[in-house]
Amino acid sequence: MTRMTALLERNEQFARTCTPAALGIPAQQVLIVTCLDHRVDPAILFGLRLGEAPVIRNAGGRVTEAAIEDIAYIGFLAEQLFGGQLEDDRLFEVAVVHHTQCGTGFLADPGFRHQAAETTGLAEAALEASAVADPHLTVKADVDRLLTAPMLSPKVSVSGHVYDVATGRVTTVVDARYP
Ligand SMILES: [Zn+2]
């Protein structure tokens, strides 16, 4: 018995009717970077189906070094596999989606942050950098960070959005642009 039992039963239902998606160009040509928060599931917010969009999730949905490295690799892979099949020689759009009521917001408080660093061993500066207190501000900063990352392919565009947990609505804060 594991806490996964109920979920594995749901998976059994899923597998009975699953239509496998082939390794191909993601149908929406959008890669989503967002928070790992269980209320912010991009498949549900955006009605994504299998094979439509890759998703990178971390605390806050921040454009970390690790996220930039993943995006660089996916860009390389897309170019290798599908470079000749793409319109306009463009690869995909990265949509950075931050959200209201983010749990990383507590890290904006120095006392809370200090306690978190002491208890977990994480660096206080790293915790401060991951805080999303105002998603409108952090999403703009992260779009800029990605657009100026030397690893980013010039064929990848970047946009920024905020998801309001209270209303379910996603608002575009930064329109898509290329590096
Ligand atoms: Zn969050």
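Quick check on this structure: which one of Asp144, Asp175 is on the phi < 0 side of the Ramachandran plot, of a type in the set (D, E, K, R) and outside any helix (DSSP H, G or I)?
Details: Asp144 fails: outside any helix (DSSP H, G or I).
On inspection, the qualifying residue turns out to be Asp175.
In the stretch 34-50, what count of residues is obtained for those that are outside any strand (DSSP E or B) and buried (at least 16 other Cβ atoms within 10 Å of the Cβ)? Outline the logic, then answer.
Initially, the stretch 34-50 is screened for residues outside any strand (DSSP E or B), giving 36-50.
This time we only want the ones that are buried (at least 16 other Cβ atoms within 10 Å of the Cβ), so: 37, 40, 42, 45-46, 48.
So the count comes out to 6.
For residues in the stretch 11-28 being assigned to a loop (DSSP other than H, G, I, E, B) and of a type in the set (Gly, Ala, Ser), which is farthest from the ligand (Cβ to nearest atom)? Outline the logic, then answer.
Taking the stretch 11-28 as the starting set, the residues that turn out to be assigned to a loop (DSSP other than H, G, I, E, B) are 18-28.
Now restrict to residues that are of a type in the set (Gly, Ala, Ser): 21-22, 24, 27.
Working: Ala21: 27, Ala22: 32, Gly24: 31, Ala27: 26 Å.
If we take residues in the stretch 11-28 being assigned to a loop (DSSP other than H, G, I, E, B) and of a type in the set (Gly, Ala, Ser), then Ala22 is farthest from the ligand (Cβ to nearest atom).
Could you please let me know if Leu31 is assigned to a loop (DSSP other than H, G, I, E, B) and either surrounded by 12 or more Cβ atoms within 10 Å (Cβ to Cβ) or away from the ligand (no atom under 16 Å from the Cβ) (or both)?
Working: assigned to a loop (DSSP other than H, G, I, E, B): no; either surrounded by 12 or more Cβ atoms within 10 Å (Cβ to Cβ) or away from the ligand (no atom under 16 Å from the Cβ) (or both): yes.
The answer is no for Leu31.
What is the number of the single condition among (1) small (Gly, Ala, Ser); (2) open to solvent by less than 30 Å² (accessible area, probe 1.4 Å); (3) within 15 Å of the ligand (Cβ to nearest atom) that Gly75 does not meet?
(3)
Which one of Asp134, Asp88, Asp109 is loosely packed, with under 14 Cβ neighbours inside 10 Å and within 16 Å of the ligand (Cβ to nearest atom)?
On the way: Asp134 fails: loosely packed, with under 14 Cβ neighbours inside 10 Å; Asp88 fails: within 16 Å of the ligand (Cβ to nearest atom).
Of Asp134, Asp88, Asp109, the one residue that is loosely packed, with under 14 Cβ neighbours inside 10 Å and within 16 Å of the ligand (Cβ to nearest atom) is Asp109.
On the basis of being surrounded by 14 or more Cβ atoms within 10 Å (Cβ to Cβ) and either more than 15 Å from Val30 (Cβ to Cβ) or touching a strand residue (DSSP E or B) at 6+ places or on another chain (Cβ under 9 Å) (or both), does Thr104 make the cut?
Numbers: surrounded by 14 or more Cβ atoms within 10 Å (Cβ to Cβ): yes; either more than 15 Å from Val30 (Cβ to Cβ) or touching a strand residue (DSSP E or B) at 6+ places or on another chain (Cβ under 9 Å) (or both): yes.
Considered against the rule, which asks whether it is surrounded by 14 or more Cβ atoms within 10 Å (Cβ to Cβ) and either more than 15 Å from Val30 (Cβ to Cβ) or touching a strand residue (DSSP E or B) at 6+ places or on another chain (Cβ under 9 Å) (or both), Thr104 comes out as yes.
The values are calculated or read from the model by the stated rules, or taken from the named source; none is laboratory data. Because the structure is predicted, anything quoted here is derived from the model rather than measured. Positions of Cβ are generated from backbone atoms using ideal geometry, with glycine treated the same way; all protein chains shown enter the neighbour counts. Keep in mind that these areas ignore ligands, DNA and RNA; they rest on the heavy atoms of the full protein, side chains included. Shrake-Rupley method; radii C 1.70, N 1.55, O 1.52, S 1.80 Å.
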